[in-house]
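For reference, the structure is listed below as structure tokens.
Each reported figure results from applying straightforward, stated rules to the coordinates on display, with no laboratory input. Note that the coordinates shown come from a computational prediction; the quantities given were computed from them, not determined experimentally. Positions of Cβ are backbone-derived with ideal geometry, glycine not excepted, and every protein chain shown enters the neighbour counts.
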Amino acid sequence: MKKLMAIAAAVVLLLAMAVSAPVAANTEIHVNPGESIQAAVNSASPGDTIIVHAGVYHQSVVISTNDITLNGERGAILDGTFPADTGTTLTGNGISLSTGVTIEGFEIRNYRIGIEGWPATGNLIRGNKLADNEWGISLYVANDNVIIKNEITGSDHQGILVAVAESTGNLIKENKLADNNQGIQLQYATDNEVIENEVTGSAFGIIVLQSTDNLIKENKLADNVRGIWLYNAADDNEVIENEVTASTVVGIGVVGIGPTSSSGNLIKENQVSGSGQWDLYDSSAPSPLDNTWEKNKYKTANFVVTIPPTVPVLLSPADGATLDNGRTDGLDDIVWDFEWSDCEGATEYHLYVIGPTAINPVIDNGNITSSSYHFVRVGGYILSPNYYGWTWKVRAKVGGQWGEWSEIRTFNVEPVNTDTPS
């Protein structure tokens with residue numbers, strides 16, 4: 001997105017400045033159990049790294065110094081249950097940050113907010129485990145932050161929240177969220193990316209509220225009440241290539257009424273299945289849709305997607321080919337294989353095969369889920385004069401609608417008793 005490209009350019013400029021300007025040596029500050037993390041933060045200068053060694057710390061940390069790293073050694077746990085460690089404070093939040101701070105490697109539990117920032121700019125939150133907080137990670141007036149590879153469980157509210165004042169340029173990637181009330185929420189946020197996250201067991205997996213121009217891509221959501229939910233003036237967002245399964249109510253929904261309707265969103269190439277009510281839902285239906293739904297794979301929707309007719313191309317058998325026949329003694333089967341091209345967005349195919357003089361087809365199957373079909377008639381056989389002039393055709397179902405039939409091809413069958421007994 002435009003904003004993220006600008007971020008990359010800014011990073012290159014900062015690196016160039018770093019090469020040309022003299023830089024003071026950075027310092028490592030170590031914190032052991034029983035010591036104050038806050039005291040270490042207060043003594044740090046920009047560029048310093050604070051290493052918190054393994055142990056349980058009943059403390060809150062407020063970072064007001066820019067561009068420092070707070071690194072939790074494996075087994076470093078921040079726990080918000082009282083009482084606070086001697087000489088430290090517990091304010092209800094785990095770590096509070098502002099600008100250019102890196103937080104990584106911690107387990108953070110039992111706080112009101114595990115990691116929070118207001119405002120929050122240019123921070124990296126990576127590889128932390130947050131459990132049983134009211135909010136996992138909450139950033140307000142948030143710009144150009146990266147939230148990546150964190151594990152967040154058991155939040156009473158949002159696992160990850162980015163909100164307020166058109167928060168922009170944030171990347172939320174490769175996080176695993178389970179059993180939070182809401183997985184990931186963008187609110188009053190513009191031009192952010194939410195990609196490659198896994199969200200399970202939430203009332204809302206990913207919710208975009210009063211936010212515009214965000215990218216929701218390649219996330220996996222399962223066993224949520226609602227998978228991806230664009231709500232209340234969520235406009236011009238892109239929801240692309242997500243996998244949403246087993247939502248109790250709706251897989252992907254775009255919702256809003258009147259002046260708060262959600263419009264201009266592109267919902268494309270998602271795979272949605274197993275939803276309790278609708279795989280896809282748009283509150284602007286049944287009127288002409290305010291959003292674009294393209295090439296999604298799904299079973300149910302509260303609207304009909306209008307698409308150009310999708311016609312399979314027949315591949316095998318070739319026109320005029322000779323196919324298998326059985327034996328009159330029943331010791332050999334009829335075995336036929338049919339193949340056609342994949343149709344983009346197709347959920348089912350319908351194969352129709354009929355003999356030259358028949359009234360009823362031999363194959364009339366509209367529940368085929370792949371682009372091939374293996375037919376076996378055990379002990380069957382076909383007698384003359386029905387060897388010549390068999391026909392077959394296929395059509396595809398896309399967006400809940402059957403497309404046009406393919407061309408009709410012909411085939412013949414070999415004379416009965418051609419094959420030796422099997």
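Under the rule of at least 5 residues apart or a separate chain, name every residue whose amide H is placed under 5 Å from the amide H of residue 206.
For residue 206, the qualifying residues are 184, 228, 229.
Quick one: putting +1 on the C-beta of Lys and Arg, -1 on the C-beta of Asp and Glu, what dipole do you get for the chain around its Cα centre, in Debye to the nearest 20?
My answer is approximately 360 debye.
Within region 71-121, list the trypsin sites (Lys or Arg not before Pro) lying in a DSSP loop whose Cβ has at most 16 other Cβ atoms in a 10 Å radius.
Sites meeting the loop and neighbour criteria: 74.
Report, in degrees rounded to the nearest 10, the 0 to 90 angle that the Cα long axis of helix 2-20 makes with the longest principal axis of the chain.
50 degrees
Can you find, among 346, 292, 261, the residue farthest towards the positive end of the dipole of the chain? Put +1 on the C-beta of Lys and Arg, -1 on that of Asp and Glu.
The one lying farthest along the dipole's positive direction is 261.
Between residue 302 and residue 241, 0.36 nm times their residue separation minus their Cα-Cα distance comes to what?
19.9 nm
Averaging sequence separations of C-alpha pairs under 8 Å and six or more residues apart, then dividing by the length of the chain, give the relative contact order as a whole percent.
With pairs under 8 Å counted, the relative contact order is 7 percent.
Once amide H atoms are built 1.01 Å from N in the peptide plane, which residues 5 or more positions from residue 55, or in another chain, come under 5 Å H to H?
Under 5 Å from the amide H of residue 55 lie the amide H atoms of 76, 77, each far enough along the sequence or on another chain.
Using only Cα positions of region 245-325, each an equal point scatterer, no hydration layer, compute I(q)/I(0) via Debye at q = 0.12 Å⁻¹ and quote the log10 values to two decimals.
Log10 of I(q)/I(0), two decimals: -0.47.
Just checking my list [x] 1.37; [y] 1.07; [z] 0.96 against Cα Rg over 2.2 N^0.38 Å computed from this structure; which label fits?
Matching entry in [x] 1.37; [y] 1.07; [z] 0.96: [x].
Nearest 5 percent is fine: what portion of the DSSP beta bridges confined to the chain is antiparallel?
So the antiparallel bridges amount to about 20 percent of the total.
Pop the C-beta distance of residue 39 and residue 318 into the FRET formula with R0 = 60 Å and round what comes out to the nearest 0.05.
0.15
So if each residue of separation counts as 0.36 nm, and I subtract the Cα-Cα distance between residue 405 and residue 376, what length gain in nm does that give?
That works out to 8.1 nm of additional length.
Report the full-extension gain for the segment residue 86 to residue 414: residue separation times 0.36 nm, less the Cα-Cα distance, to one decimal in nm.
109.0 nm
Under the √(5λ) rule applied to the eigenvalues of the Cα gyration tensor, what semi-axes describe the equivalent ellipsoid of region 338-390? Give them in Å, descending.
26, 12, 10
Among 374, 53, 350, which comes first, then next, by fewest other beta-carbon atoms within 10 Å?
374, 53, 350
How high is the relative contact order of region 314-413, in percent, with contacts defined as C-alpha pairs under 8 Å that are six or more residues apart?
37 percent
Quick check: convex hull of the Cα atoms in region 362-412, volume per residue, rounded to a whole Å³?
94 Å³
Can you pull out the GluC sites (Glu not before Pro) in region 64-145 whose DSSP state is coil and whose Cβ has at most 13 other Cβ atoms within 10 Å?
none
If you find the alpha carbon centre of region 43-59 and of region 146-194, how far apart are they in angstrom?
The distance from the Cα centre of region 43-59 to that of region 146-194 comes to 25 Å.
Greater than 32 Å separation of Cα atoms is the criterion. Which listed pairs, 297/393; 149/295; 176/397, meet it?
176/397
Hey, if you put +1 on the Cβ of every Lys and Arg and -1 on every Asp and Glu Cβ in region 26-159, which of 153, 39, 56 ends up farthest toward the positive end of that dipole?
My answer, from the dipole projection, is 153.
What ³J(HN,Hα) values, in whole Hz, does the Karplus curve 6.51 cos²θ - 1.76 cosθ + 1.60 give for region 146-158 when θ = phi - 60°, with x put for Gly and Pro?
Per residue, the Karplus-derived 3J(HN,Hα) values read 10, 10, 9, 6, 9, 10, 10, 9, x, 7, 5, 10, 8 Hz.
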